[in-house]
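Asks: Structure incoming, see below.
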Amino acid sequence: AASGDSGGDVGQSRLPRSFSVRFTDFYRDSFASLRNASNISNRAYMKSMRGISGEHFSKGKSGSFFYFSSDRRYMVKTISEEEFACLGRILPDLVTYLHSDDGRHSFLARFLGCHSLTIYGRQIFFVVMNNTLFSGSGPGALKVHERYDLKGAWDNRNAAVLAPGSKATCIHCMMPFT
């Protein structure tokens, strides 16, 4: 935690003496085990998280902010207090699953940390995830030529209600359902 005079300029003014920032690391052991399973040392994680890559800072439709760590290895997303509570509830099962044989090969997002910053009394929660598009920064790194936003939408996604006893077929697996 840091508090007191910053000793340096921020914009055109100095931070007030009462300015304080508190960093909190949640579920430390659970996330350390997930980072370890991904061969990410705590030291490497902290080194990557020293700064953010501002040019990729964007605000999503949910009101959350997304940005990358300075080396682009990780993606950071702000989350609501409700999402934080939900993550806390599912985390033990998520850790167990991701350590299992099936989980190691899963396409689920790899959460690597959950933290908060408290600034002027306001607590901001955020999660850190692997950037699945990161392939390194050297000459052999792969370059992403196109990206698509694949999140779901609810607009115009309503289907007519089926009559009782009618059958429907799943368009993904072609299995019939009643």
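Asks: In region 3-19, is there at least one residue being within 15 Å of the chain's Cα centre (by Cα) and either modelled with pLDDT of 85 or more or farther than 26 Å from residue 137 by Cβ (or both)?
Replies: no
Asks: Output the number of residues of region 75-116 satisfying the condition of being under 15 Å from the mean Cα position of the chain (by Cα) and either among the polar types (S, T, N, Q) or part of a strand (DSSP E or B) (or both).
Replies: Qualifying residue count, region 75-116: 12.
Asks: For residue 144, indicate whether it is of a type in the set (Val, Ile, Thr), over 18 Å from the mean Cα position of the chain (by Cα) and either over 15 Å from residue 66 (Cα atoms) or modelled with pLDDT of 95 or more (or both).
Replies: yes
Asks: A follow-up question, please. Can you name the number of the only condition in (1) more than 28 Å from residue 121 (Cβ to Cβ); (2) modelled with pLDDT of 90 or more that residue 82 fails?
Replies: (1)
The values are calculated or read from the model by the stated rules, or taken from the named source; none is laboratory data. The model shown is predicted, which means the values in this text are computed figures rather than measured ones. When we count neighbours, we look across all protein chains shown, and the Cβ atoms used for this are built from the backbone with ideal geometry, even at glycine.
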